[in-house]
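K.L.:
The structure follows.
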Amino acid sequence: MKTSSPGSLKTDIQDRDLCINCGACTELCPYFKSYKGKIAMIFNCTLGQGKCFAHCPKAEVDLDELSLFFHQKPYDGHPLGHFKSIHVSRAGETMARVLFQNGGTVSSLISCALNNGVIDHAILTDKNGILPEPRLVNTTEDTLHCATSKYLAAPTLGELNKAMQNKLSNIGLVGTPCQMIAAALTRMNPMNQDGFKDPVSLSIGLFCTWALDTRKFMTFISSKMEIRDIKRMDIPPPPAGIAVIEKDREIINIPLEDIRPLILEGCSVCPDMTAEFSDISVGTFEDNPEWNTLIIRTEKGEQLVEDACKKGYLTLSDLPEKSLDHLLSGAGMKKKKAILKAGTEGLMNTLDNSKPAVLRMPESLIKTITK
């Protein structure tokens, strides 16, 4: 199990531009804070070991160890990770009066879980203007308030740390792949705390290829419009090749090539597009944005989807074979590029103790994935 100091987290992750502002190191102590898309160490910390490092999804993540914990199976490098079944889905009749950005699958599942006692609370990502911010919710109404896509890095896991300090349990968590990795690391109790209880009863991961650096994006977009006028942002699936910014009575299309320089550097070494360490994974269905692609990974996830369908929260259909092939190709390419990049940058399976790895996995598996 990985352990190291808060100082190492700063020098080896933050100072090397690998931090993706997931929030896993915040709300643990007074030292790390997130502000406008950046996490900073406010004061020096002299601890030899810290939860902040142990929870970080960019510091010594052993994918085999993580997979054995979460799925009880070794990490095999499959483009989509371990799963039970794949479908397309959208909100059912119970949610019919709600207008969703895409298919509404995540909001429907969380609403079903809250209303039927599967979870007592949910940690989601809301927004303040265009800035994403974590939120603890307990009702469908509050869940729906968070129901839009966010493309800026969000410190959502700070809210999980706060919930744990407040002794909350039976929590549903929604987050991106890196956040699901960090949450799984947290749930492994890496510091071997006595009396530790896993607070997360349900995890729903969101497909993600990258997130934008908040400060870079705000500088970029403020040269084109007033930030306060932005109502919504969307990035349609290929072949659109644009980011869509919605203002009052106006829609502005920005070429993706103008957006790509704003992507966080840490995203380039993330091998996970489909949130492999979650109970359920959800993404946009590229053939029809009014639906979602849904991956069921665990028995817990399978049971929730079954209940949601029975109670009218969710509608399921089969994923076309062509769409599955495209999903496998996209996820496999992201995995391959990330592992190659990590290897090139000296961030994979490092032997020098003074320079921790971002990722660890068997060398034989690296050759299989990158061939």
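K.L.:
If I ask for residues that are among the small types (G, A, S) and either surrounded by fewer than 24 Cβ atoms within 10 Å (Cβ to Cβ) or outside any strand (DSSP E or B) (or both), which ones from the range 187-204 would you list?
P.N.:
Once the filter is applied, which keeps residues that are among the small types (G, A, S) and either surrounded by fewer than 24 Cβ atoms within 10 Å (Cβ to Cβ) or outside any strand (DSSP E or B) (or both), the range 187-204 yields G195, S201.
K.L.:
If C112 satisfies all but one of (1) buried (at least 21 other Cβ atoms within 10 Å of the Cβ); (2) within 18 Å of K162 (Cα to Cα); (3) over 16 Å from the mean Cα position of the chain (by Cα), what's the number of the condition it fails?
P.N.:
With respect to (1) buried (at least 21 other Cβ atoms within 10 Å of the Cβ); (2) within 18 Å of K162 (Cα to Cα); (3) over 16 Å from the mean Cα position of the chain (by Cα), C112 is out only on (2).
K.L.:
Condition check: modelled with pLDDT of 95 or more, within 20 Å of the chain's Cα centre (by Cα) and either surrounded by fewer than 18 Cβ atoms within 10 Å (Cβ to Cβ) or assigned by TED's automatic domain parsing to the domain that holds I204 (or both). Does G92 satisfy that?
P.N.:
Values: modelled with pLDDT of 95 or more: yes; within 20 Å of the chain's Cα centre (by Cα): no; either surrounded by fewer than 18 Cβ atoms within 10 Å (Cβ to Cβ) or assigned by TED's automatic domain parsing to the domain that holds I204 (or both): yes.
Answer is no for this residue.
K.L.:
For the range 278-371, give me every one of the strands (runs of 3 or more DSSP E) that falls completely inside it and has 1 or more residues that are charged (D, E, K, R). Full working, then the answer.
P.N.:
Numbers: elements: 280-284, 292-296, 314-318.
Ranges flagged: 314-318.
K.L.:
Test of understanding: among S223, S149, S203, which residue is assigned by TED's automatic domain parsing to the domain that holds P271, within 24 Å of L264 (Cβ to Cβ), at pLDDT below 95 and not hydrophobic (A, V, I, L, M, F, W, C)? Steps first, answer last, please.
P.N.:
Details: S223 fails: assigned by TED's automatic domain parsing to the domain that holds P271; S203 fails: at pLDDT below 95.
Answer to the check: S149.
K.L.:
Checking the conditions here, which among M95, M41 is out of contact with any Asp or Glu (no Cβ under 8 Å at 6 or more places or on another chain) and without any contact (Cβ under 8 Å) to a residue 40 or more places away in the chain?
P.N.:
Working: M95 fails: without any contact (Cβ under 8 Å) to a residue 40 or more places away in the chain.
Result of the check over M95, M41: M41.
K.L.:
Every residue in the range 213-267 that is closer than 15 Å to Y151 by Cα, among the aliphatic types (A, V, I, L, M) and in a strand (DSSP E or B), please.
P.N.:
M233, I242, A243, V244, I245, I254, I263
K.L.:
Another question, then. Which of the residues spanning the range 120-146 are touching a helix residue (DSSP H, G or I) at 6+ places or on another chain (Cβ under 8 Å), assigned to a strand (DSSP E or B), over 21 Å from G266 (Cβ atoms) and not hydrophobic (A, V, I, L, M, F, W, C)?
P.N.:
Selection gives H121, D126, R135.
K.L.:
Which of (1) crowded, with 16+ Cβ neighbours inside 10 Å; (2) not in a strand (DSSP E or B) does F43 not meet, given it meets every other one?
P.N.:
(1)
K.L.:
Hey, another quick one. Inside the range 165-186, can you point out the residues that are in a helix (DSSP H, G or I) and surrounded by 20 or more Cβ atoms within 10 Å (Cβ to Cβ)? Explain how you work it out, then say what you get.
P.N.:
Step one: of the range 165-186, the residues in a helix (DSSP H, G or I) are 165, 177-186.
Residues satisfying the conditions are P177, C178, Q179, M180, I181, A182, A183, A184, L185, T186.
K.L.:
Now a separate question. State yes or no: is L9 in contact with a Lys or Arg (Cβ under 7 Å, 6 or more places away or on another chain) and among the aliphatic types (A, V, I, L, M)?
P.N.:
Values: in contact with a Lys or Arg (Cβ under 7 Å, 6 or more places away or on another chain): no; among the aliphatic types (A, V, I, L, M): yes.
In short, no.
K.L.:
T139 passes all but one of (1) β-branched (V, I, T); (2) surrounded by 20 or more Cβ atoms within 10 Å (Cβ to Cβ); (3) out of contact with any strand residue (DSSP E or B) (no Cβ under 9 Å at 6 or more places or on another chain); which number fails?
P.N.:
Failing condition for T139: (2).
The values are calculated or read from the model by the stated rules, or taken from the named source; none is laboratory data. These numbers were taken from a predicted model, which means no experiment stands behind them. With ideal geometry, Cβ positions are generated from the backbone for all residues, glycine too; neighbour counts draw on all protein chains shown.
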